[in-house]
Amino acid sequence: MENNVLTILPVLPIKRTVLFPGVMMPLTVGRERSVAAVHAAMKTEDKTILVVAQRHPQTEEPGLADLYTIGTKAIIKQIGQSSEGGLHVLVQGLDRVVLIKEEQKTPYLKVRARLLEHPSDSTATEAQAIHRAIKELLSDLSRSIQSPGIQEISAALVDESDPVALAYRITSLVNLTVAEEQTLLECSSAVDLLRGLYAALSKEIQILQLRDKIANDAQKKISKSQREYILREQLKAIQQELGESEGEDGEISALKKQVSEADLPDHVRKEVERELNRLAKVPPSSPDHQVLRAYLELVLELPWTKASDERFDLSRVRAVLEEDHYGIKEVKDRIVEHLAVLKLNPSAKAPILCLVGPPGVGKTSLGQSIARAMGRTFERFSLGGVHDEAELRGHRRTYVGALPGRIIQAVRRAGVNNPVLMLDEVDKLGRDFRGDPASALLEILDPAQNHTFRDHYLDLPFDLSKVFFITTANTLDTISQPLLDRMEVIRLQGYSEREKAEIARRYLWPRRLKEAGIEPHQAVLSDEALTLIITRYTREAGVRQLEQMLGRLTRKIALTFAELPEGRERTPVVIQAAALGDWLGAERFIPEEARKNLPPGVATGLAWTPTGGDVLYVESMLLPGNHDLTLTGQLGDIMQESARAARSYLWSHAESMGLDISRFKRNGIHIHVPSGSIPKDGPSAGVTMVTALASAYVGKPVRSDTAMTGEISLSGLVLPVGGIKEKVLAAHRAGITRVILPKANEKDLKEVPAEVREGLTFVLVERIEEVLRAAFDQESPASAHEDTEEPAASSIASR
């Protein structure tokens, strides 16, 4: 409710509280305008001032819009100077007011305000009931919680009988936010005011009770710890009086017994006994007790002298390797050679192998087979994404939660000091501010240093020279050269379609049938269906996707058998190529086929990817009236350099090769490699680019049955490249019959399966002129296995 009494008074804005009618409040006034407002009020007869809360405390010079609409008219009871130059003011609230209009802003804020009546219905039944509930709540609380704030509120219950006045007084004592206090000040109904106060009191009481409970719980825990400590000290004194264990508990005795029985080197035993003596002096309640115990347990569990018995039956080792893996003769021979050396010289250092190859070719499983063939324990862990050197070397024991590094943990799990330890994904090691894990590997993988490897946590030299380390990687590009020098690199090439089919028959299909609970005679996979899965449903260098597809087949067959009625006999399922779509859905890949007819300016190249080889077309086109070289198709820096070198070579040798040099001067050239969404890089497209450019300049198409690979130089040499096996397999899949290769890569052809070599003609070249002659010649040139030597082409056939 409102009345018509208007007043114009100076305003004192306050920041973090609200003044209620009837409440006495001390204030510190420091702002210049606020000090001026207080002095102006003191000059009036009744010394009254409007005290209003700010909406935002950070506002330094608030106007009417920055203040709450409702405030309190107050009388200044006392004033004094503060040491900071401001004022200490004691005010008492009189009446609520509503601010109407700003009358003056400087030197202090003065507003027109209307007085508000006292909240009504304070005698109503509901108001009296809430008033009584508040009294009972505070009375019970004052008995259960001894708090100065509660005692002050309880005193207010005796002094005030008016519910509204009591509410205002209690509200000023409760810890509320400015917004919550302002809401209570604006209440025009006593019932609403008392309801809000009751809710605020309930919340404050819950906070006080919880605080009291936390304090009591903490005190109980402290008392319990002190009691346990006193009892332990008394027990220790009793044991000493009785002469039992010389004051040592059973835990220390058990550790001493383990140390005495363990076969430890002298330097290790000395350190263990020193730490054991420290442990005996540390109270069990101390954090150091658990740290020392964990350290001693690690030292005692490490296989300092324990080694597994190795098998030197070379014929059996060969049999185990052949049983687990198809092909990869080089790796198998290397393992047998190492065992032969160990048989003749047991103290020989273990080799450190690095198996490099695309995903799914069996690098990880090969490590397990090596361990089985040698009769050693196998352990592995992945280095992919490791950025912290401490992951390998361990953390120093001074850190909370310190642990030994992964190397020592793996040896601990193995239980012998000569396990086969596989470090997967060594090419995916990272580095950051915490250190360089690759540098830590330099010591671990160096036979000249790892016999005294010192883990930060263990802080004792441990001999890793007997560990057979095997690392795996998809590529060598990201491995540092010092680390690469310490490893013997063995490349695992991608599999041909025939090799994949053989692996599926021998290993993958039987394994998947066993996992699905299906007998081999109950599910038959035809050769045609298997070939179709390899060519149309997977595209990879390894066999991981192939195994997943075979797993889908066995799961569907298992579902068919599981849905049969109880007691009905399973009818063998034969999977034919024609029905493969019903089992695996639509084909995922279109078979690679060479383009039947190539237009001028297009040449067929061969590329290597992490998933195997691929056919790559290089397209070029003349741009009349332009001199620029435009490159598109997400080509990397090396491919762009190859394109520039190809153009420069053709331009500089145009006359000797029978090319019209004016076409170079009048036309720019645009080179594009399709599949623009895939980044491409590497030097092996050099011969393909020079051939495509030559075709564009003379307007003569390149032979569509020919693909090529090789790096070029500005002097016209054709240099060797990598990935020959994968590239040749890709050409064979695409139906290409002629492959142009660098002469220096002739040695790599022995890695290509014989059945693939028989269906291809290889043209081995040393210079760019030979490439161009072979690419444009319609007659079959001499192949790699013929004795005749092909003369170098001096010009390109006329258009």
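The values are calculated or read from the model by the stated rules, or taken from the named source; none is laboratory data. Just so we're clear, the structure is a prediction, and the values are computed from it rather than from any experiment. Note that each Cβ is placed from the backbone with ideal geometry, even for glycine, and that neighbours are counted across all protein chains shown.
Can we say Glu186 is out of contact with any helix residue (DSSP H, G or I) (no Cβ under 8 Å at 6 or more places or on another chain), crowded, with 16+ Cβ neighbours inside 10 Å and in contact (Cβ under 8 Å) with a residue 60 or more places away in the chain?
yes
Within region 526-539, can you find the residues that are crowded, with 18+ Cβ neighbours inside 10 Å and in contact with a helix residue (DSSP H, G or I) (Cβ under 6 Å, 6 or more places away or on another chain)?
Matches in region 526-539: Ala529, Leu530, Leu532, Ile533, Ile534, Tyr537, Thr538.
Given the criteria in a loop (DSSP other than H, G, I, E, B), among the hydrophobic types (A, V, I, L, M, F, W, C) and loosely packed, with under 15 Cβ neighbours inside 10 Å, does Ala340 qualify?
no
Could you list all residues from region 513-530 that are part of a helix (DSSP H, G or I) and farther than 25 Å from Pro753 by Cβ? Full working, then the answer.
Here is the first cut: in region 513-530, the ones part of a helix (DSSP H, G or I) are 513-515, 520-522, 527-530.
Within region 513-530, Leu513, Lys514, Glu515, Pro520, His521, Gln522 meet the criteria.
State yes or no: is Gly542 of a type in the set (Gly, Ala, Ser) and crowded, with 20+ Cβ neighbours inside 10 Å?
On the way: of a type in the set (Gly, Ala, Ser): yes; crowded, with 20+ Cβ neighbours inside 10 Å: yes.
Considered against the rule, which asks whether it is of a type in the set (Gly, Ala, Ser) and crowded, with 20+ Cβ neighbours inside 10 Å, Gly542 comes out as yes.
I'd like the full set of residues that are surrounded by fewer than 16 Cβ atoms within 10 Å (Cβ to Cβ) and among the small types (Gly, Ala, Ser), limited to region 440-479.
Ala448
Out of Val771, Val718, Val702, report the one residue that is assigned to a loop (DSSP other than H, G, I, E, B), over 24 Å from Ile328 (Cβ atoms) and at pLDDT 90 or above.
Val702
Pro572 is checked against (1) buried (at least 16 other Cβ atoms within 10 Å of the Cβ); (2) at pLDDT 85 or above and fails just one. What number does that condition carry?
Unmet for Pro572, out of (1) buried (at least 16 other Cβ atoms within 10 Å of the Cβ); (2) at pLDDT 85 or above: (1).
The conditions are (1) of a type in the set (Asp, Glu); (2) in a strand (DSSP E or B); (3) under 15 Å from Tyr108 (Cα atoms), and Asp95 fails exactly one of them. Which is it?
Evaluating Asp95 over (1) of a type in the set (Asp, Glu); (2) in a strand (DSSP E or B); (3) under 15 Å from Tyr108 (Cα atoms) leaves (3) as the failure.
Starting from region 438-461, keep only residues that are touching a residue at least 40 places away in the same chain (Cβ under 8 Å), then list their pairs with residues that are among the acidic types (Asp, Glu) and assigned to a helix (DSSP H, G or I) whose Cβ atoms are within a distance under 8 Å, requiring at least 6 positions of separation or different chains.
Hits for this filter: Phe453/Glu443; Leu460/Glu271.
Looking at (1) within 34 Å of the chain's Cα centre (by Cα); (2) part of a helix (DSSP H, G or I); (3) within 30 Å of Ala730 (Cβ to Cβ); (4) at pLDDT below 90, which one does Tyr495 not meet, given that it meets all the others?
The failed condition is (2).
Picking from Gly375, Gly367, which residue would you name as being over 17 Å from Ala473 (Cα atoms) and either more than 25 Å from the chain's Cα centre (by Cα) or not assigned by the TED database to the domain that holds Ala438 (or both)?
The match here is Gly375.
Condition first: farther than 16 Å from Asn667 by Cβ and surrounded by 17 or more Cβ atoms within 10 Å (Cβ to Cβ). Now tell me which residues in region 690-703 satisfy that.
If the condition is that a residue be farther than 16 Å from Asn667 by Cβ and surrounded by 17 or more Cβ atoms within 10 Å (Cβ to Cβ), then Val690, Thr691, Val702, Arg703 are the ones that fit.
Filtering region 400-437 down to residues that are under 24 Å from the mean Cα position of the chain (by Cα) and surrounded by fewer than 16 Cβ atoms within 10 Å (Cβ to Cβ), which residue is nearest to Val489 (Cα to Cα)?
Taking the candidates together, the pick is Gly430.
If Ala607 meets every condition in (1) more than 41 Å from the chain's Cα centre (by Cα); (2) surrounded by 12 or more Cβ atoms within 10 Å (Cβ to Cβ) apart from one, which number is that one?
Condition (1) is where Ala607 drops out.
Based on what the data block shows, is Gln54 modelled with pLDDT of 90 or more, of a type in the set (S, T, N, Q) and over 57 Å from the mean Cα position of the chain (by Cα)?
No; evaluated as a whole, the condition is false for this residue.
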